[in-house]
Structures are given as C-alpha cells and as structure tokens.
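The values are calculated or read from the model by the stated rules, or taken from the named source; none is laboratory data. The shown structure was predicted, so the numbers you read here are calculated from the model rather than taken from an experiment. Protein only, heavy atoms only, side chains kept; ligands, DNA and RNA dropped before computing areas. Shrake-Rupley method; radii C 1.70, N 1.55, O 1.52, S 1.80 Å.
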Amino acid sequence: MGKAERRKGIEAEREFAKLVGGTRVPLSGSAGGEFAGDVMWPGVGRGEVKRRADGFVQLYRWLEGRDFVAMRADRKAWLVVLPIEKMLQLLKGGCYDGWQD
C-alpha cells in the first residue's frame, strides 16, 4: 500500500471516529488482537472503515429512495447498510423523521 492510500484510509478512520464519538484504533492495519478493527464505537463495538473512490456505486444505487439495504450471502449472516444519520438516530433511541412508509 502506498503512502497516499495509507493517508486516505487513516483520514477516513479519523473522520468516522469523530462522527460517531469513537476512537481510531492505532496500528489497526498491521496487527490483530487488541488492535483488530479500525474504530471503536462506544456502545456498538469495533469495526472496519472502508473508503473507495467509486467502489460502492451499487450500494448507493440500491439506497436511492430507500432507508436501508439488507443483504446476505448463502449461509452467512445478514448485513444491513443504512445512512449514518439514520443509524445514529436509532442508537439514540429516537425515531428517524425521514423514514419512508
């Protein structure tokens, strides 16, 4: 991985951590154990942060006009993708104003 790619990844991790009130895990890209994952999100847990120039186009298309996307590979757990504003509102125990009926 080049210097620019590393910088882009670290910037994304810091941005997300700040957005959710979490902390970036130091050395997250080079170790496991207590350093596994990129960000610690209080009340949620440890997670990976991914940022691509145009790598998630299909996910964004599926989200257009919708509140979430649920997906699952055969014999794997369900995953749900939703905008961060909706996720933060759900975690606060509130009802999101923008839900579509």
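Across the range 5-15, rounded Karplus estimates of 3J(HN,Hα) from the backbone phi angles (6.51 cos²θ - 1.76 cosθ + 1.60, θ = phi - 60°) give 5, 4, 4, 4, x, 5, 4, 5, 4, 5, 4 Hz, Gly and Pro being marked x. Take residue 68: with every protein chain present and a 1.4 Å probe, its accessible area is about 110 Å². Distances between placed amide hydrogens fall under 5 Å for residue 22 paired with no residue 5 or more residues away or on another chain. Of the listed residues 59, 27, the order by accessible area with a 1.4 Å probe, largest first, is 27, 59.
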